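One structure is given below, encoded as structure tokens.
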Amino acid sequence: MSGSLAFDEYGRPFIIIRDQERKSRLTGIEAHKSHIMAAKAVAGVLRTSLGPKGLDKLLVSPDGDITVTNDGATILKQMDVQHQIAKLMVQLSQSQDDEIGDGTTGVVVLAGALLEQAEKLLDRGIHPIRVADGYEMAATVACEHLEKISEGFKVTPKDREDLIRLAMTTLGSKIVNRCHRQMAEIAVDAIMSVADFDRKDVDFELIKVEGKVGGKMEDTMLIKGVIIDKDMSHPQMPKNIKDAKIAILTCPFEPPKPKTKHGLEVKSVEDYRKLREYELQKFETMVKQVKDTGANLVICQWGFDDEANHLLLQRKLPAVRWVGGPEIELIAIATGGRIVPRFEELTKEKLGTAGTVRELSFGTTKEKMLVIEDCNNSRAVTIFIRGGNKMIVEEGKRSIHDALCVIRNLVKDSRIVYGGGAPEISCSLAVAEAAKKISTLEQYAMKSFSEALESVPLALAENSGFAPIHTLADIKSRQIKEKNPRLGIDCLNKGTNDMKTQSVIETLSSKRAQILLAVQLTKMILKIDDVRGSADQTLFVKRFGGFPCVDMNKSYSVTDWAMHDGDSGTDSDQNRVKIWALNLQDDNDSVDFDPERAKLENWPPKDDDDEEDLKQREEQSESKLFLSVDEKMKTEEEKEGMEQPGADHASSPSPFPEEIGNPAGCVRRTLALVESLS
């Protein structure tokens, strides 16, 4: 780094950036290229999952749990991304999921296409700010055009069939598409039960989605009430209760305990007998108090012992214990009861009512759940999903969630556009036409924006097995000739490209949010021209793309390779890094890493070198590798008879002898020495 140093009056240099030589830095066009490459990589992962014929991804967690899904937000959430910009793409998909609930895949694909087009403009010498401004202008044109081609949609309980078709569009790309008509009906009925059409609002807190492994997906049901994963506290209690009067307790259903630090001393059998009699008498009084209110079912957030449970059975008072707080609240809302925090406050007026409380049994597993239905307040509903395994049940939950969100968005804003890539193609034509009227550099960015919008219909056509470019060109020409913005990709081979005829419907709010969020992220990425790593990353190698190749939390063997393929997919020298690792014995050993002294000479080997030359180069490089270790470490090595790394080991295939590279049973820590091959 060139330049002069500034000193204070005492001759001390000013420290502008502490440990600057230890920090990684990526600037200028190199930073832009790195960011765009990372975004394109993330978008490429999700591209094949777009549309009704999109493919699923199988994700394995560190614990070995398996997830099969094509939901963009779920895929990115479970991907362990390291690049900073890739993390922003994950947050973009999550923002779309939080705000809209659907379109999480499309927004990432669009953002990746926008950045890919921006890269071409940067290569032509256009400033990133001009590109960002052009994208902003194009987004305004696209959103205005979406408003123009949108249509009104009636959202009332009488228009149930139209809402079902809308939900079927969302569920068509999910794993539940085999029974998506049934799932769509369940989602619509659930929203209709809890929606407030006067305020145009839907309270999702009143909709609970539960699942249980077993049965078929067709066994999924909508319960106008609450279902809880509990059973009666005693197996001999009744399994079906009609006209239930429910006492909802959040206080312990047991004799009171001393609330001070004082205790009871039991010094004799007589004292113990008196204590037992007191507890029994107290509990009988509590049971009688519940019975006097007219309650025939107790739901308690806390537990009670087996003796108390037996007494409840004798008094013919069914009970459920250890019910969670959220379930307690839903039961109170559904039954119209009041939650009782103190037992003394229980009265007849605070009881909840339900038409039926019944116990569900599942197959031979002896698992049971409790269903509270036919309640006075039918606004609280539960969607109970069945499936052959846990993966199907979890994906069913995600699919239902997306359908619920789409219908909720339509209740809030009852305007729609038609799917199949039709709005993207129509907006692309509108933006391209508007770009012709711009005389500044922004017109190139607007044209690139127009091409980026076509990435969605291209992906739909490609995933459906069509020739993407030919299919897109045909639809574009037909939209212009027929002046019909509803023409899109016929992914399901129904014989028509009119999405209105196919009833492929999307909400205007979802499509508009995809464009705005994608442009917002793209502008932010284009304005980043300097990336600095933290000082604690002492082993950071700047490779092509700016990815760190050494993870300090992982152990590497002596001859590990860290490979990174560039955009061209070639194995060029600038994309390769050799990692030498030395495993140390004691966590408390301090090691000073001197990168100047640890350089490997005569590396990398040329492609035309034969094996003998390669071996000779490795042997020569071994004597050039040094480690500066404190006196304590040297003493420990001498005690254990370990050889120093700088010694000559011509017979070893690695720079370190095997006993140092992997000491048996005592590998505690790894020091990675990295030599860039660029």
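Out of all the residues in segment 246-259, is one or more touching a Leu at 6+ places or on another chain (Cβ under 7 Å) and either buried (at least 16 other Cβ atoms within 10 Å of the Cβ) or within 20 Å of V340 (Cβ to Cβ) (or both)?
Scanning segment 246-259, I find at least one residue that is touching a Leu at 6+ places or on another chain (Cβ under 7 Å) and either buried (at least 16 other Cβ atoms within 10 Å of the Cβ) or within 20 Å of V340 (Cβ to Cβ) (or both), so the answer is yes.
Examine segment 461-478 for a residue that is over 30 Å from Q84 (Cα atoms), basic (K, R), outside the structural domain of D402 (by TED's automatic domain parsing) and touching a helix residue (DSSP H, G or I) at 6+ places or on another chain (Cβ under 8 Å), and state whether such a residue exists.
yes
If we scan segment 101-111, do we find a residue that is in a helix (DSSP H, G or I), among the hydroxyl-bearing types (S, T, Y) and surrounded by 22 or more Cβ atoms within 10 Å (Cβ to Cβ)?
yes
Scan segment 236-247 and report the pairs whose first residue is assigned to a strand (DSSP E or B) and whose second residue is exposed (fewer than 12 other Cβ atoms within 10 Å of the Cβ), with Cβ atoms within less than 6 Å and a gap of 6+ or a chain change.
From residues that are assigned to a strand (DSSP E or B), the pairs are K245/G294.
Restricting to segment 192-208, name every residue that is buried (at least 17 other Cβ atoms within 10 Å of the Cβ) and under 19 Å from I100 (Cβ atoms).
Selection gives V194, A195, V202, I207.
Starting from segment 147-174, take each residue that is surrounded by fewer than 18 Cβ atoms within 10 Å (Cβ to Cβ) and of a type in the set (D, E) and list its partners that are at pLDDT 80 or above and part of a strand (DSSP E or B), counting only C-beta distances under 6 angstrom and pairs at least six apart or across chains.
Close Cβ pairs satisfying both conditions: E151/I416.
Checking the condition within 18 Å of R47 (Cα to Cα) and not polar (S, T, N, Q), which residue from G103, G134 passes? Outline the logic, then answer.
Working: G134 fails: within 18 Å of R47 (Cα to Cα).
Of G103, G134, the one residue that is within 18 Å of R47 (Cα to Cα) and not polar (S, T, N, Q) is G103.
What about I383, is it part of a helix (DSSP H, G or I), closer than 23 Å to A187 by Cα and touching a residue at least 60 places away in the same chain (Cβ under 8 Å)?
The answer is no for I383.
Report whether or not S414 is of a type in the set (S, T, N, Q) and at pLDDT 90 or above.
In short, no.
Within segment 314-353, take every residue that is among the aliphatic types (A, V, I, L, M) and either farther than 18 Å from V226 by Cα or not assigned by TED's automatic domain parsing to the domain that holds L370 (or both) and give me the one that is surrounded by the most Cβ atoms within 10 Å (Cβ to Cβ).
L346
Tally up the residues in segment 370-385 that are at pLDDT below 90 and surrounded by fewer than 23 Cβ atoms within 10 Å (Cβ to Cβ), please.
6
Among the residues of segment 50-68, are any buried (at least 22 other Cβ atoms within 10 Å of the Cβ) and touching a Cys at 6+ places or on another chain (Cβ under 9 Å)?
yes
The values are calculated or read from the model by the stated rules, or taken from the named source; none is laboratory data. Everything numeric here is computed off the predicted structure, so don't read it as measured data. Note that each Cβ is placed from the backbone with ideal geometry, even for glycine, and that neighbours are counted across all protein chains shown.
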